[in-house]
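To start, the structure itself, in structure tokens.
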Amino acid sequence: MRAITYTENGGPEVLRLTDSPTPDPGPGEVRVRLALAGVNPTDWKSRQGTPPAGGVQVPGQDGAGTVDAVGRGVDPAVLGQRVWVWEAAWQRPHGTAAEYTVVPLRQAVLLGEAPFEIGAALGIPFLTAHRCLTLGESVPDRLGPGALTGRTVLVQGGAGAVGNAAIQLARWADATVIATVSSPRKAQLAAAAGASHVVDYTQQDVVAFVREVVPKGADVIVEVSAARNAAIDAQVVGMHGAVAMYADDGGAEVTIPVRAQMAPNARWNFVLVYTQPERAKVLGVEDVNAAVLDGAIRVGEDAGLPLHVFPLAQTADAHRAVEDGVVGKVLVDVTA
Ligand SMILES: NC(=O)c1ccc[n+]([C@@H]2O[C@H](COP(=O)([O-])OP(=O)(O)OC[C@H]3O[C@@H](n4cnc5c(N)ncnc54)[C@H](OP(=O)(O)O)[C@@H]3O)[C@@H](O)[C@H]2O)c1
């Protein structure tokens, strides 16, 4: 099969288009003939710093395609089903930047009639967003229509991939969503994703803006830059509210005013999608899939998530685009 591989860590130049053995599914696994792979910051960070699993690594956690082989113990009824794939390359060699991947059955989720562009955009951003939206003490651990009625979610970085996912899921759950952005263009995208209120943090006072919208404070803050925004979050988090910190800010540290956060019994929670509690991950996959089947998840400019599609041979350029902070969702067409 055609596959992008790397055998040593480094920049995008370590990625090679290779003719590699097509993997066979082991017991409990399925093989997926991929249509699209999703690219996320974790892919270039792993390429730079995580030793290749099994010596030869195909990058890419997310993807979408069709089940074309099943391993021992898997019901053949799933053959031919359209699926989205999550965490394909987490501690495994067979990522999604290839014609085929193999994953445990539960990591290939039925996509129904939804387009592959949506399927390949789900895994990392949507499962991270789901975790952020549900880890608080004053919100339910599941999302669905009505789950967040009467709740307010502040999404710091509403034009980012995870920010977009958080807005879409929170709106599906009927929350009021406030999003922060850094430009008029990003404000348009956050609004297109469904944000009820958008504030440009480079021009406006975010604390005053949020207090105006929700005087009692936000129930959940989905935070992309805790190191820079902690002082803001501390002033607008509501009673029993949660600050979900999912980005590492390049290794920066966070300063939190302890006393001020005691009064609301605020929860400051770190998030890594891979290692979240097992129950949270199971519920996240179920809820994200329900949102897709409900028609609530969209991609593209109209959804605040412009698509950038690269052919498989240009996966290195796809990594560069993500590393350079391209606005929107980067996909790799593995069939091109
Ligand atoms: N922990 C996990 O499991 C997990 C999962 C997914 C992603 N991540 C990490 O999360 C980060 C974002 O991922 P992504 O895919 O969403 O990237 P992305 O699409 O590039 O989005 C990042 C967004 O954050 C915004 N931003 C940066 N600084 C900000 C600030 N101080 N206040 C408000 N917004 C700010 C950026 O826009 P402006 O700079 O223009 O404001 C941009 O829109 C990456 O570091 C990624 O590795 C972690």
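The values are calculated or read from the model by the stated rules, or taken from the named source; none is laboratory data. Please read these numbers as outputs of a predicted model, since none were measured by experiment. Cβ: placed from backbone, ideal geometry, glycine included. Neighbour counts: every protein chain shown. For the accessible areas, the whole protein counts, side chains as well, though only heavy atoms, and no ligand, DNA or RNA atoms are used. Shrake-Rupley method; radii C 1.70, N 1.55, O 1.52, S 1.80 Å.
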What part of the accessible area of region 1-143, given as a whole %, is carbon or sulfur when the probe is 1.4 angstrom?
52
Extend 7 Å from the Cα of residue 326 along its Cα-to-C-beta direction; within region 13-32, residues with backbone N under 20 Å of that point are 13-18
Given the Cα-Cα distance of residue 91 and residue 259 and 0.36 nm per residue of separation, how much length would full extension add, in nm?
56.5 nm
Would you mind telling me the share, in percent, of accessible area of region 239-336 contributed by carbon and sulfur at probe 1.4 angstrom?
54
Environment charge at residue 47 (Cβ cut-off 14 Å; Lys +1, Arg +1, Asp -1, Glu -1)
-2
Förster-model FRET efficiency, 22 Å R0, residue 113 and residue 174, C-beta, rounded to 0.05:
0.35
Is it possible to state the helix-based mean residue ellipticity at 222 nm for the chain, with each DSSP H run of 4+ residues giving -39500 (n - 2.57), the sum divided by total residues, to the nearest 500 deg cm²/dmol? What is it?
-8500 deg cm²/dmol
Over the chain, with the other protein chains present, what is the accessible area per residue in square angstrom, probe 1.4 angstrom?
40
Sparse-neighbourhood loop hits (GluC sites (Glu not before Pro), region 112-188; DSSP loop; Cβ within 10 Å at most 14 others) -> 113, 137
How big is the dipole moment of the chain about its Cα centre under a simple scheme where the beta carbon of each Lys and Arg is +1, that of each Asp and Glu is -1, and everything else is neutral? Debye, nearest 20, please.
380
Among 181, 246, 26 - extreme Cα towards positive end, dipole of the chain, charges at beta-carbon
246
Which order do peptides 211-223, 305-317, 90-102 fall in by mean Cβ count within 10 Å, highest first?
90-102, 211-223, 305-317
Averaging sequence separations of C-alpha pairs under 8 Å and six or more residues apart, then dividing by the length of region 65-134, give the relative contact order as a whole percent.
31
Could you tell me how many degrees, from 0 to 90 and to the nearest 10, lie between the Cα long axis of helix 184-193 and the main elongation axis, the longest principal axis, of the Cα atoms of the chain?
70
Residue span residue 294 to residue 183: 0.36 nm per residue of separation minus Cα-Cα distance leaves a gain in nm of 36.8 nm
Rounded, prolate or oblate: which fits region 125-274, taking a ≥ b ≥ c as square roots of the Cα gyration tensor eigenvalues, rounded meaning a/c under 1.5, else prolate when a/b beats b/c?
rounded
Give the relative contact order (percent, whole number) for the chain; include only Cα pairs under 8 Å separated by 6+ residues.
19
